[in-house]
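> My questions all concern the structure below.
Taken together, the values in this text are just the output of simple stated rules run on the coordinates, not laboratory data. Just so it is clear, the structure is predicted and the values come from calculations on it, not from any experiment. Here the Cβ is made from the backbone with ideal geometry for all residues, glycine too, and neighbour counts use every protein chain on show.
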Amino acid sequence: MKQCTTCKGYFTLNLFYKRKDRKEGLSIQCKKCESVATSKYSNTERGFLLRLFIRINSRTNHKRFRDLSEKEKDKHRCYITKEEFFDLWEKHKLKYGYRCALTGDIIVHKTTTKEQTNKSNSISVDRLNPEIGYTKENIIFVSNKVNNMKNAVTKELCVAIIKAHEERGL
């Protein structure tokens with residue numbers, strides 16, 4: 001039995017997350033309290049952006065990328081530090097406020113379920129050129145909805161779409 005530092009309840013050890021950095025190898029909070037605290041922090045601006053950075057910084061370790069060549073993995077690698085990432089966000093806020101860099105729609109730092117993600121206006125990090133990884137020059141902050149729509153659209157495709165519009169007088 002172990003006591004949770006938050007709710008003060010006593011629980012069996014399997015109700016605490018394992019933590020290698022802790023002396024006894026377990027979290028100080030029970031799983032329920034830790035989940036609530038993590039969710040609360042993840043919906044703060046700093047917590048949300050930190051999770052975004054961690055996600056883009058570790059994405060080439062994901063099983064989805066495991067079998068890709070190093071050249072292909074380079075397109076998804078993060079080449080910036082956490083400090084540079086937060087600096088880019090501050091510059092974005094100065095220029096756009098809490099708005100999508102592409103549409104001007106309001107963007108928020110609110111976590112969503114997997115089903116909601118592609119339709120939400122939560123902050124997302126997009127690469128302007130999908131052939132290049134996450135660099136200071138290549139990332140912008142947009143809404144999840146816009147990032148999902150843009151996906152892997154290239155500059156050449158955008159030019160072709162504009163050309164087709166111009167040819168038809170639209």
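> Determine, for 28, 80, the number of other Cβ atoms within 10 Å of each Cβ, and report the residues in order from fewest to most.
28, 80
> Please compute the contact order of the chain in relative form: average sequence separation of alpha-carbon pairs under 8 Å and at least six residues apart, divided by the residue count, as a percent.
Relative contact order, the chain: 16 percent.
> For a 25 Å ceiling on Cα separation, which of these pairs sit above it: 95/145; 71/91; 20/40?
Violating the 25 Å Cα-Cα cut-off are 71/91.
> Could you put 159, 36, 125 in order, starting from the residue whose Cβ has the fewest other Cβ atoms within 10 Å?
Least to most surrounded, the residues fall as 159, 36, 125.
> Would you order 165, 92 from fewest to most other beta-carbon atoms within 10 Å of each residue's own beta-carbon?
By the 10 Å Cβ count, ascending, the order reads 165, 92.
> Let me ask you something else. Give the aspartates and glutamates whose C-alpha is closer than 19 Å to that of residue 93, dropping any in the same chain fewer than 8 places away, or say none.
45, 83, 84, 105, 126, 137
> Rounded, prolate or oblate, given the Cα gyration tensor of region 1-95, with a/c below 1.5 counting as rounded?
In terms of gyration-tensor shape, oblate.
> What list of whole percents do you get for P(r) of region 43-137, with Cα-Cα distances grouped in 5 Å bins up to the one holding the largest distance?
It works out to 2, 12, 21, 23, 22, 13, 5, 1, in whole percents.
> Here's another thing I want to ask about it. Given only helices, namely DSSP H runs of n ≥ 4 each adding -39500 (n - 2.57), what is the per-residue ellipticity at 222 nm of the chain, to the nearest 500 deg cm²/dmol?
Helix-only estimate at 222 nm: -12000 deg cm²/dmol.
> Quick one: among 52, 68, 88, which has the greatest mean-square fluctuation in a GNM of the chain with alpha-carbon springs under 10 angstrom?
68
> Between residue 24 and residue 136, how many nm apart are label points set 7 Å from Cα along the C-beta direction?
Computed distance between label sites residue 24 and residue 136 equals 4.6 nm.
> Can you pull the three principal axis extents for the Cα set of the chain, in Å, largest first?
73, 37, 30
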